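Since every read-out is calculated from the coordinates, none of them should be taken as a lab result. None of the values given here were measured: they were computed from a predicted structure. Every residue, glycine among them, receives a Cβ derived from its backbone with ideal geometry; neighbour counts consider all protein chains shown.
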Amino acid sequence: MNKDSSIALLAQRLRAEARLLPAGERLPSSRTLTERYRVSPVTVSRALALLAAEGVVVTRPGSGTFVAERRAAGRPADFGWQSVVLGEGQGGVEGMARLLTPPPADAIALSGGYLPLAFQPLRALAAASARAARRPEAWQVPPLAGLPELRAWFAAPVGAEPSDVLVAGGGQAALWTTLRALLRPGEPLLMESPTYHGAIIAARAAGLHPVPVPMDGRGVRPDLLAEAFARTGARAFYCQPAFHNPTGAVLAPERRARVLEAARTAGAFVIEDDFARYLAFSTPPPPLAAADPDGTVVHLASLTKPTAPSLRIAGITARGPVAERLRACQLVESYYPARPLQETALELVTSPAWPRHLRAVSAELRARRDALVRALAVHLPEVELVSLPEGGMHLWVRLPDGTDDTALADAARAHGVIVGPGRPYFPAEPPAPHLRLNYNCTPTAEDLAEGVRRLARALRSRPSGTSS
Ligand SMILES: Cc1ncc(COP(=O)(O)O)c(C=O)c1O
């Protein structure tokens, strides 16, 4: 059992125990609890802290832990007034929490955006964070746009100057800051269709109107992009030219200049979300921003994907006056990302372990991609693989016409496999039913075939496999 779940379990037992005792009664000592429940002293103190925060117990240093006074049972709280004051909610934001919810323990996860524990560089991160946190300056205000060496590291693949980079608190924060800095509520935002679900949610939460621009296996269609700029007057286009989420597509070499040209002609920005650069199976294509001298492209790169979800450090690279806007926007939102985390990220990416780590991750992801493709061919021949990604963490498959992807994802969950329905990835109505299948989440590559077998059973168990 991991530490978090043993803390939760102990807290649950102590909560039940406290409920049977009168207020003011002393709980057994930490030592007794350690022996009785065969857990570590840290687990005991974390569980007691949890109960203290809930108001179930009070801790008096030097005397022990006591059952707290219970609140007199009164009428249930009436929060109705808040609904009136708050007004309309931000529809779809709950989808964000769903993206981050861990799968049930007994399910096979073919959905989820981070590396499995076995492939996160946890030892290197522990060493890097220990070194970083020991430095006295680690806890002080950092240079406001980020540590200079970290800015230089993010600038290198783009061929930019370190001074063009703003260090942000993860890819999602980088995207949010960029949307807020570049656009005003009510404006259109062009987006590839399909695209990263979290970007659609963020755009809507920023008051923007996502406008879909179709793509195919070679990325966005530049002719339709130019048309969309002309029709909507949009001032920005959000895209992922490398190992696109969800399709895995890479923008074709002959389309790169045309995409930049369409944006330049429209006098608009390109927001390049380069989230999977460090998950390439071989040398990735250069960022679009590398071929952009005039500040058209704002480039976002995050460290969470090739490392661990809580190394929430990203770089926003931008040239020209927009860089100042971005810096101002982040200062107002959150000041700056925590310096110990910036120091940790810098230690990690400049350590000798970093290139070894990237090589191991890339080899593992490629083997897993192949295993998932094989399993689909054997167990689910009725789905069509849209493209064979050369990087990233997922496959995008088209389901037989008429399949309800959301209902299928629900049925799959009931069969013990978690998959991502395609619908939330489309800014407007989906043209066909799809699923996103991640190969990065399961503890081992062998679990992938079992996941596909369960998905096949779910598909075939639905009445004629079609929409309900
Ligand atoms: C395309 C894309 N951009 C950005 C993010 C945000 O990643 P993070 O905030 O963890 O860096 C994700 C996460 O899934 C993503 O898929």
Note to self: Residues of the range 16-54 with backbone nitrogen within less than 16 Å of a virtual label 7 Å along the Cα-to-Cβ line of ALA77, please, listed as ranges.
What the structure shows: 53-54
Checklist line | Gyration tensor verdict on the range 44-106 (Cα atoms; rounded if a/c is under 1.5, prolate if a/b is larger than b/c, oblate otherwise) | finding: oblate
Margin query: Let's test this: bin the Cα-Cα distances of the range 177-289 at 10 Å from zero up to the farthest pair and state each bin's percent.
Written below: 15, 50, 31, 4, 0
Next item on the list: Could I have the simple spin-label model distance between GLU25 and ARG131, label points 7 Å from Cα toward Cβ, reported in nm to one decimal?
Entry: 5.3
Next item on the list: Can you tell me the order of 144-157, 283-296 when each peptide is scored by its average per-residue count of other Cβ atoms within 10 angstrom, highest first?
Entry: 144-157, 283-296
Next item on the list: Take ASP273, ASP106, ASP405 and order them by how many other Cβ atoms sit within 10 Å, fewest up front.
Entry: ASP106, ASP405, ASP273
Checklist line | the range 123-349, Cα convex hull volume normalised per residue, Å³ | finding: 109
Margin query: Run the simple label-point estimate for ALA367 and THR101 please: 7 Å along Cα→C-beta, distance reported in nm.
Written below: 3.3
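Report the full-extension gain for the segment ARG264 to GLN140: residue separation times 0.36 nm, less the Cα-Cα distance, to one decimal in nm.
Working: separation 124, 0.36 × 124 = 44.64 nm, distance 4.09 nm.
40.5 nm is the gain from fully extending ARG264 to GLN140.
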Notebook entry, point to check: Non-local amide H neighbours of ILE271 (under 5 Å, H modeled in plane, Pro and chain starts lacking H): which ones?
Noted result: PHE237, TYR238, CYS239, VAL298
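Cα gyration tensor of the chain, axes a ≥ b ≥ c as square roots of the eigenvalues: rounded (a/c below 1.5), prolate (a/b > b/c) or oblate? Before the final figure, lay out each step's value.
On the way: a/c = 1.64, a/b = 1.35, b/c = 1.22.
Because a/c hits 1.5 or more and a/b exceeds b/c, the chain counts as prolate.
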Checklist line | Residues MET191, MET215, MET96, sorted so that the one with the fewest Cβ neighbours within 10 Å comes first | finding: MET96, MET215, MET191
Next item on the list: Starting at the first residue of the range 245-261, write each ³J(HN,Hα) from the Karplus equation 6.51 cos²θ - 1.76 cosθ + 1.60 with θ = phi - 60°, in whole Hz, x for Gly and Pro.
Entry: 9, x, 7, x, 5, 10, 4, 5, x, 6, 9, 4, 5, 5, 5, 4, 5
